[in-house]
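Comments concern the structure below.
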Amino acid sequence: MRLSGHQWQKLRELRQFFLSAQPNRASYWDSEQTVELYDQTLAVRIGWRWDAVISQLRSLHWQPREKLFLDWGCGSGVASRKILEAFPNFECAYLADLSSHAEHYAAKAIRTKFPSVSVRNGTPEGEPFCLVLSHVLGELDERSEELLATIVGRASSLIWVEGGSATLSKKLVLWRERLDWPVIAPCTHRRHCGMLAPENHLHWCHFLTRPPGETFMSAEWAEFAKELEIDHRTIAFSYLVLDRAATNQSAGLARSIGSTRVYKALAKLQLCDDDGLHDVELMKRDFPELWKALKKGWSPDLLQVEINGNRISKLLETGKPE
Ligand SMILES: C[S@@+](CC[C@H](N)C(=O)[O-])C[C@H]1O[C@@H](n2cnc3c(N)ncnc32)[C@H](O)[C@@H]1O
């Protein structure tokens, strides 16, 4: 990642635009080189979010069953490549973006890495497809959201990953409410989202992941973090995975939201289940091993707990590797 001053400046501008969550009227992809620059830097971080979501889906033993997917707003195609790596059942990738620079770059990158996959532009007609959405929500005006709604309406499953800001997460929750399909993740139920209760207006459904270990050590990523003023130790994201054909829901489980705060004698978690959102405490003296794991940085995903007041009284399932 040896970048010139001009390239750093370009990246700063792109990031600024992404953070502003403005509808995208004129494409910022002024050349395929800009798409490539993004692919080697900002998109890598997006890839880590996809890794975290895919790992969740694996632990739920869920995978899309379709032979084709559509990556709408594909950009450099990082989401497509993560999906193809994780789910080899896909034979065909459809790519759609406002920008032909993005479509060309994404198609080239997929063909190089997955030569047996057929790559097409546009949207699939007539065959069931999985819709892949990645970091587009912030850029859509009302008209584009309606266009997206017609595409979502034709998809048979949906894997949607966004950044972890409150604004994006809240928008994603509204989509979740609008689409009354079986939810694979993050929700463990199909009831109304607990985040929408007025008393939870300060909370948002988000999760945290970390870059792979080697990037902490790398001088290149340290420079990236410094130039773009990004704290790259943790990466927040929100996501939504739906499958019209799904029948089984992870019954009785609660999803841990956001970060766990660990104190001397207890840890504080926020859990979400079919009963809503719960701020709970896990006492060190009740669950010393788990408290220790939390202290060392382990983050729970799905838990099965009994709660007494606001205190976890029984842990039936933690999902923690031995
Ligand atoms: C932040 S980039 C994300 C790219 C890629 N999905 C990723 O995760 O790296 C958003 C992409 O959405 C595209 N986009 C924005 N509005 C769109 C629309 N109305 N229709 C199709 N693509 C759109 C942009 O051109 C851009 O490539």
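Might you check whether a residue that is among the charged types (D, E, K, R), farther than 18 Å from TRP204 by Cβ and in contact (Cβ under 8 Å) with a residue 60 or more places away in the chain occurs anywhere in the stretch 285-304? The answer is no, given that none of the residues of the stretch 285-304 is among the charged types (D, E, K, R), farther than 18 Å from TRP204 by Cβ and in contact (Cβ under 8 Å) with a residue 60 or more places away in the chain. What is the one condition in (1) away from the ligand (no atom under 11 Å from the Cβ); (2) assigned to a helix (DSSP H, G or I); (3) not aromatic (Phe, Trp, Tyr) that ALA106 does not satisfy? Looking at each condition in turn, ALA106 falls short on (1). Hey, does the stretch 18-35 have a residue that's in contact with a Ser or Thr (Cβ under 9 Å, 6 or more places away or on another chain), under 19 Å from PRO211 (Cβ atoms), touching a residue at least 12 places away in the same chain (Cβ under 8 Å) and not charged (D, E, K, R)? No, the stretch 18-35 contains no residue that is in contact with a Ser or Thr (Cβ under 9 Å, 6 or more places away or on another chain), under 19 Å from PRO211 (Cβ atoms), touching a residue at least 12 places away in the same chain (Cβ under 8 Å) and not charged (D, E, K, R). The residues of the stretch 120-135 that are closer than 15 Å to SER76 by Cα and within 11 Å of the ligand (Cβ to nearest atom), listed by number, are VAL132, LEU133, SER134, HIS135.
Per-residue answers, yes or no, for (1) within 13 Å of the ligand (Cβ to nearest atom); (2) part of a helix (DSSP H, G or I):
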residue	(1), (2)
ARG15	yes, yes
TYR38	yes, yes
ALA52	no, yes
CYS74	yes, no
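Within the stretch 109-144, the only residue that satisfies the criterion of being more than 22 Å from GLU66 (Cα to Cα), at pLDDT 95 or above and surrounded by fewer than 16 Cβ atoms within 10 Å (Cβ to Cβ) is THR112.
Is one or more of the residues making up the stretch 83-92 outside any loop (DSSP other than H, G, I, E, B) and surrounded by fewer than 16 Cβ atoms within 10 Å (Cβ to Cβ)?
Of the stretch 83-92, the ones outside any loop (DSSP other than H, G, I, E, B) are 83-86, 92.
Still in the running and surrounded by fewer than 16 Cβ atoms within 10 Å (Cβ to Cβ): 85.
Yes, because at least one residue in the stretch 83-92 is outside any loop (DSSP other than H, G, I, E, B) and surrounded by fewer than 16 Cβ atoms within 10 Å (Cβ to Cβ).
The values are calculated or read from the model by the stated rules, or taken from the named source; none is laboratory data. As the structure is a computational prediction, the values presented were derived from the model and not from experiment. Ideal geometry is used to build each Cβ from the backbone, glycine not excepted, and the neighbour counts take in all protein chains shown.
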